[in-house]
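First the structure, in the form of structure tokens, and then the observations on it.
The values are calculated or read from the model by the stated rules, or taken from the named source; none is laboratory data. A quick note: this is a predicted structure, and the numbers were derived from the prediction, not measured. Please note: Cβ atoms are built from the backbone with ideal geometry, for glycine as well, and neighbour counts cover all protein chains shown. Accessible surface is based on the protein model in full, side chains and every heavy atom, while ligands, DNA and RNA are left aside. Shrake-Rupley method; radii C 1.70, N 1.55, O 1.52, S 1.80 Å.
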Amino acid sequence: MDWTSNPDLVRRLSAVMPNINALAPGAKKTVHRSVASYLQGRAARAAVHENDGTWVPGVCSIQLLTACNLRCKGCHVSGGSVPKHFDRERYHGVMRELEEAGCRFVLLLGGEPMLLSEEVFAFAETFPSMTFLVFTNGILWKDEHLDRLERAGNLVPMISVEGDRELTNARRGERVFERLSDFQEKLAARQILHGISVMVHS
């Protein structure tokens, strides 16, 4: 699906991502793939609504766990343990329902989702028509994870920070900001699309 031929859609996307055409090829490929998938999903959602009157959301969020490797000041998720058993069949069943109904964007939340890294990648690799945004503190990513990110093309790390270096390290721990910066540089070097997640408050 060549959505770039739709000037209205390009204009709308340019309002939130002004430099789409300036993106590195790897990141641009993810954007094109994600937008095409979203548009296909929108058609499926319209068909569901026409059939039975149900409005299917375009984006869904799933909290995978409450465990985290950090203990950040003020975080609403401050405990929990890594599940000894993750019911992949159940979660993938839900994902299939979302895919069929046209919801093609899923936010993977925690805790820290990368404590269940195999499950995070299983989502992306099993459902290539969907785009997964994984909200992460960025500490647990390894080089082999980046290799799989490149191959998948539909998994987008959203790196959570508090703001600048001083505030992030004060709330998240010593040298966390520096480690996140290193992670972001690795993503950029590989042309992997990624984002920053910041809670804006007073």
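Once the chain from C60 to A122 is taken as fully extended at 0.36 nm per residue, the excess over their C-alpha distance is 20.6 nm. In this simple spin-label approximation, E166 and H201 carry label points 7 Å from Cα along the Cα→Cβ vector, and these lie 2.0 nm apart.
Among the GluC sites (Glu not before Pro) in the range 108-202, those located in a DSSP loop and surrounded by at most 10 other Cβ atoms within 10 Å of their own Cβ are E174. Between (1) 29, 22, 16; (2) 49, 15, 13; (3) 32, 26, 17, which matches semi-axes √(5λ) of the Cα gyration tensor in Å calculated for the structure shown? Here semi-axes √(5λ) of the Cα gyration tensor in Å agrees with entry (1).
Near F105, the amide H atoms lying under 5 Å from its own belong to C60, T131; only residues 5 or more places off or on other chains count, and H is placed 1.01 Å from N. The slack between K28 and H85, meaning 0.36 nm per residue of separation minus the straight C-alpha distance, is 16.9 nm. Once the Cα atoms are used to define both axes, helix 25-52 deviates from the longest principal axis of the chain by about 50 degrees.
Think of the range 144-202 as having a plus end and a minus end, set by charges on the Cβ of Lys, Arg, Asp and Glu; of L149, S160, S181, L149 sits farthest toward the positive end of this dipole. Return the lysines within reach of K186: Cα separation strictly under 25 angstrom, same-chain partners fewer than 8 residues apart disregarded; answer none if there are no such residues. The qualifying lysines are K28, K29, K142. Across the range 20-111, Cα-Cα pairs more than 22 Å apart make up 50 percent of the total. With a Förster radius of 35 Å applied to the beta-carbon distance between L140 and E50, the computed FRET efficiency rounds to 0.20. For the range 121-202, a crude dipole built from +1 on the beta carbon of Lys and Arg and -1 on the beta carbon of Asp and Glu, taken about the Cα centre, is about 100 debye to the nearest 20. Residue ranking by accessible heavy-atom surface, 1.4 Å probe, largest first, among R88, R71 comes out as R71, R88. Using a 4.7 Å Cβ-Cβ cutoff, the cysteines of the chain lacking any partner cysteine are C60, C68, C103. Using only side-chain charges placed at the Cβ, +1 for Lys and Arg and -1 for Asp and Glu, the dipole size of the chain relative to its Cα centre rounds to 300 debye.
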